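One structure below.
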Amino acid sequence: MLFTERPLRLGTRGSPLALAQAHMTAQALRAVHGWGEDAIQIVTVQTSGDRIQDRALAEIGGKALWTKELDRALVDGEIDFSVHSMKDVETVRPAPFHIAAMLPRADVRDKLVGAASFDVLPANPLVGTSSPRRAAQVKRMRPDATITLFRGNVATRLAKLDAGEVHATLLAAAGLDRLDQSDVGALIAIDTMLPAPSQGAVGIETLADNRPVRDALAAINEADTYDAVMAERAVLRGLGGTCHSPIAALALVEGERLFLRAEIISPDGTETVREEARLARGDDLVAEAIGRTLLDRASPALRALFEE
């Protein structure tokens with residue numbers, strides 16, 4: 001299939017990481033289809049999440065702040081497809097949109113930046129993050145820690161750390177790797193900090209009724225990543241989770257099956273509810289049931305976080 005009338009327009013946020021992921025996507029499409037450099041045009045779309053940096057996402061509209069402007073550009077015909085960090089994509093997407101492909105998943109782990117480990121942080125450390133999951137997991141390990149809101153792109157957060165605003169912050173290893181900053185920070189074991197659902201995954205979305213673009217994107221879909229991430233997103237559906245909710249989940253591919261782990265955590269880190277299961281690829285009903293089981297086992301206070 002060839003697009004000959006004009007370049008395909010790839011919509012993306014304008015952050016350095018988003019642009020890096022857009023270029024990865026464009027290169028993958030060119031390689032698999034044998035297209036030239038001019039076959040894809042990258043279109044930068046500023047999102048509300050990029051503009052508003054002084055408040056937590058949960059206070060100003062949640063994950064839709066990363067997607068709604070790109071969605072509008074798709075519907076208005078300004079772009080043909082969009083690229084997202086999958087952990088920034090709302091759990092339930094409007095019907096007109098279709099997640100057509102995912103690139104091979106990068107490192108799913110978090111990194112601690114500013115100290116070699118949580119143990120060597122000073123007493124009563126100040127840790128910067130905007131993630132309820134990371135905040136709760138830090139409090140679980142270091143109850144004496146104080147969490148402060150830390151938003152902005154990777155460079156902004158590293159600058160705040162360098163300026164001494166906090167003792168440490170947490171960043172996704174995948175993002176640092178994609179920005180050629182793999183030497184920054186200390187990797188945290190998955191058993192210590194289970195990652196966010198979809199962490200390390202890049203998704204490509206288009207209109208559900210745009211069959212030519214869907215077919216073109218399907219050629220770069222990495223099935224292991226797609227199946228694992230969709231299972232993690234199904235856990236979120238079962239939980240009804242929001243940006244207020246400390247949720248972690250990770251699915252690992254084991255042949256034709258997945259090994260899925262998930263946990264919910266109280267904001268102060270004192271309560272953790274965990275579940276794990278092996279399930280068939282694509283069995284979203286089992287993954288959703290894991291989310292519901294987590295809620296059933298949670299205390300009323302923890303469960304209330306998911307009922308807002």
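To the nearest 10 degrees, how steeply does helix 132-141 sit against the main Cα axis of the chain, on a 0 to 90 scale? Roughly 30 degrees between the two axes.
Each of Ala218, Gly269, Leu70 was scored by the projection of its Cα onto the charge dipole of the chain, and the greatest displacement toward the positive side belongs to Gly269; charges sit on the C-beta of Lys, Arg, Asp and Glu.
Summarising the label geometry, the points placed 7 Å from Cα in the beta-carbon direction at Ala123 and Asp209 lie 6.6 nm from one another.
Computed from point charges on the beta carbon alone (+1 for Lys and Arg, -1 for Asp and Glu), the dipole magnitude for the chain about its Cα centre is near 340 Debye.
When a/c is below 1.5 the answer is rounded, else prolate if a/b is larger than b/c, else oblate, so apply that to region 154-308 with a ≥ b ≥ c taken from the square roots of the Cα gyration tensor eigenvalues. Since a/c reaches 1.5 but b/c is at least a/b, the shape of region 154-308 is classed as oblate.
Given Ala234, Ala186, Met86, which one lies farthest toward the positive end of the charge dipole of the chain, if we put +1 on the Cβ of every Lys and Arg and -1 on the Cβ of every Asp and Glu? Toward the positive end, the furthest listed residue is Ala186.
When you restrict to C-alpha pairs under 8 Å that are six or more residues apart and normalise by the size of the chain, the relative contact order lands at 20 percent. For region 131-201 versus region 251-308, the inter-centroid distance based on Cα atoms is 22 Å.
Counting only DSSP H runs of at least 4 residues, each contributing -39500 (n - 2.57), and dividing by the residue count of the chain, the helix-based mean residue ellipticity at 222 nm comes to -10000 deg cm²/dmol.
Take every DSSP beta bridge whose two residues both sit in the chain; close to 75 percent of them are antiparallel. The aspartates and glutamates whose alpha-carbon is closer than 15 Å to the alpha-carbon of Lys111, local same-chain residues fewer than 8 away aside, are Asp119, Asp177, Asp180, Asp183, Asp191.
For region 87-216, relative contact order (Cα pairs under 8 Å, six or more residues apart, normalised by length) works out to 45 percent.
On full extension, the segment bounded by Glu5 and Ser182 gains 59.7 nm, given 0.36 nm per residue less the C-alpha separation. Basic side chains Lys and Arg get +1 at the Cβ, acidic Asp and Glu get -1 at the Cβ, and with that the dipole of region 236-304 about its Cα centre reaches some 60 debye.
Shown is the FRET efficiency for Glu165 and Ala304, computed with R0 = 25 Å from the Cβ-Cβ distance and rounded to the nearest 0.05: 0.20. Among beta bridges identified by DSSP and lying wholly in region 110-187, the antiparallel ones come to about 55 percent.
The numbers here are math on the coordinates, done by the rules we state, and not lab data. Small disclaimer: the values here were computed from a predicted structure and weren't measured. For neighbour counting, all protein chains shown are included, and Cβ atoms are generated from backbone atoms with ideal geometry for every residue, glycine included.
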